[in-house]
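The values are calculated or read from the model by the stated rules, or taken from the named source; none is laboratory data. All of these numbers come straight from a predicted model, not from anything done at the bench. Reconstructed Cβ throughout: ideal geometry from the backbone, glycine too, with neighbour counts over all protein chains shown.
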Amino acid sequence: FQYKNSKLQFFSHAEGYVNATEEMVLMGGTSYRFNYVFNYTDHLGNIRLSYSLDPSTKVLKIIEENHYYPFGLKHSGYNSDKMMYTKEAEVLKIKPVPPLFITSYKYKYNGKEYEDELGKNTYAYGWRDYDPAIGRFNKMDRFSEKYHKLTPYGYAGNSPVLINDIQGDSLWISFGKNERVLYENGNLLSKGKDGKFSAYKGEYAKLDKKGNVKGYKGFLGNTVKALDGLREGSSFANGIIGTLQGSENNFNIKEGTARFRSDLNHPSGRMGNINNNGYAFQVLEQGQNLVDYAPFNQIGSGGDIYWNPTAGDIMTDLGHEMGHAFDSDMGMLDSRRIEFNGGLEEIKEIRAVYYENRIRQDLGKSLRKNYSSEGPNLLNSSGNPMYIQPPSIILLGL
């Protein structure tokens, strides 16, 4: 929801956005008239055309037309006039945008927000801004060590017609016979031998007659459905997924009995002494310490997220295991069993149930009371999820 001077301008929907026009209310207060605007996008998410129904004529009109050079500069001279909703004598119409008027909806190339304040003329890509005039970012790629043949300021591996740039390469889905694709905000990308990403259209993709992806099969399809449902239905889950997508650690979603396993090839995935001989990560069932120290800047690790889409509630079960992944990424996955609210339970499971219940609240589902049948009640007297602080990390040998 975007506001300007405390007045609603628009809010997004799956196919574009809803324009809000303020209405006069005789007895005071604020009311709005809402109109759907639909975006037509290409294979890279570029918004090429925005259109809506003119309420005064009942005719579809183009709100904005965009054509781009490969690296994102907009063509000029032949696009249609930019239009906007405006009121004339209390009649709502679609009319050309007046000179010097700045519209609120600024999502364009790759579906990213165009920043024209103070003459920046850049696009917001998460933690970096992109300048389409030079085809370069203003900050180094956090993952540049993985792609040493490419400039750390480059965009889309210098192949912007085929692929777009992503925030990280950290949340993967494993399926089929050793296949793996990158999940990025609802899109699936496969990595070629040259290190470049492109839209996945393999054996497990459902394609229409034009070769466009319309869905996915099997475990891959179930996982995408669950992840998309979590992102769209729960702001809390969306935050966890965003963190894992942007992490320097790698996470793989795999089919199997629900559990999370830390990356034991990463120094932090097998280290950590946390108070009273507890451990930052689940390295062995017995919690045996394997390494007594690691560089302080390596706290946290990736790992494998196992789940079974045919058992239980697919979204909340996956959300629970992703809660473990989130704690692992932050170096807070603690396997110690403690007394909590009248029972014994592992700290990591108390925290994961809290994450799961926050997601359940967003989705309007009943809350989970226990992790195990004999475990403590994880809801407080008001019926809300109970939270436990993460462990404080003590590294030996430093």
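Scanning the range 41-55 for residues that are modelled with pLDDT of 90 or more and over 21 Å from Gln2 (Cα atoms) yields Arg48, Leu53, Asp54, Pro55.
For the range 1-22, name all the residues that are in contact with a Leu (Cβ under 9 Å, 6 or more places away or on another chain) and surrounded by 11 or more Cβ atoms within 10 Å (Cβ to Cβ). Correct list: Gln2, Ala20, Thr21, Glu22. Taking the criterion of being part of a strand (DSSP E or B) and surrounded by fewer than 14 Cβ atoms within 10 Å (Cβ to Cβ), the residues of the range 33-65 that qualify are Arg33, Phe34, Tyr36, Val59, Leu60. Determine whether the range 172-191 contains at least one residue that is without any contact (Cβ under 8 Å) to a residue 12 or more places away in the chain and not in a helix (DSSP H, G or I). Yes, because at least one residue in the range 172-191 is without any contact (Cβ under 8 Å) to a residue 12 or more places away in the chain and not in a helix (DSSP H, G or I).
When Lys201, Lys210 are checked against the criterion of being surrounded by 14 or more Cβ atoms within 10 Å (Cβ to Cβ), at negative phi and free of Cβ contacts under 8 Å to residues at least 60 places away in the same chain, Lys201 stands alone in meeting it.
Within the option set Asn370, Asn357, Asn384, Asn380, being of a type outside the set (Phe, Trp, Tyr) and surrounded by 22 or more Cβ atoms within 10 Å (Cβ to Cβ) holds for one residue only, Asn357.
Residue by residue, here is whether (1) under 29 Å from Asn212 (Cβ atoms); (2) assigned by TED's automatic domain parsing to the domain that holds Gly186; (3) in contact with a strand residue (DSSP E or B) (Cβ under 6 Å, 6 or more places away or on another chain) holds:
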position: Val18; (1), (2), (3): yes, no, yes
position: Leu49; (1), (2), (3): yes, no, yes
position: Lys58; (1), (2), (3): no, no, no
position: Gly72; (1), (2), (3): yes, no, no
position: Gly119; (1), (2), (3): no, no, no
position: Thr122; (1), (2), (3): no, no, yes
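Candidates are the residues of the range 116-138 that are in a loop (DSSP other than H, G, I, E, B) and at pLDDT 85 or above; the one that is surrounded by the most Cβ atoms within 10 Å (Cβ to Cβ) is Pro132.
Output yes when any residue across the range 81-90 is under 30 Å from Thr243 (Cβ atoms) and modelled with pLDDT under 90, and no when none is. No, because not a single residue in the range 81-90 is under 30 Å from Thr243 (Cβ atoms) and modelled with pLDDT under 90. Scanning the range 354-383 for residues that are of a type in the set (D, E, K, R), within 20 Å of Leu333 (Cβ to Cβ) and not in a helix (DSSP H, G or I) returns a single hit, Arg368.
For the condition part of a strand (DSSP E or B), touching a residue at least 60 places away in the same chain (Cβ under 8 Å) and closer than 28 Å to Asn5 by Cβ, Lys87 qualifies.
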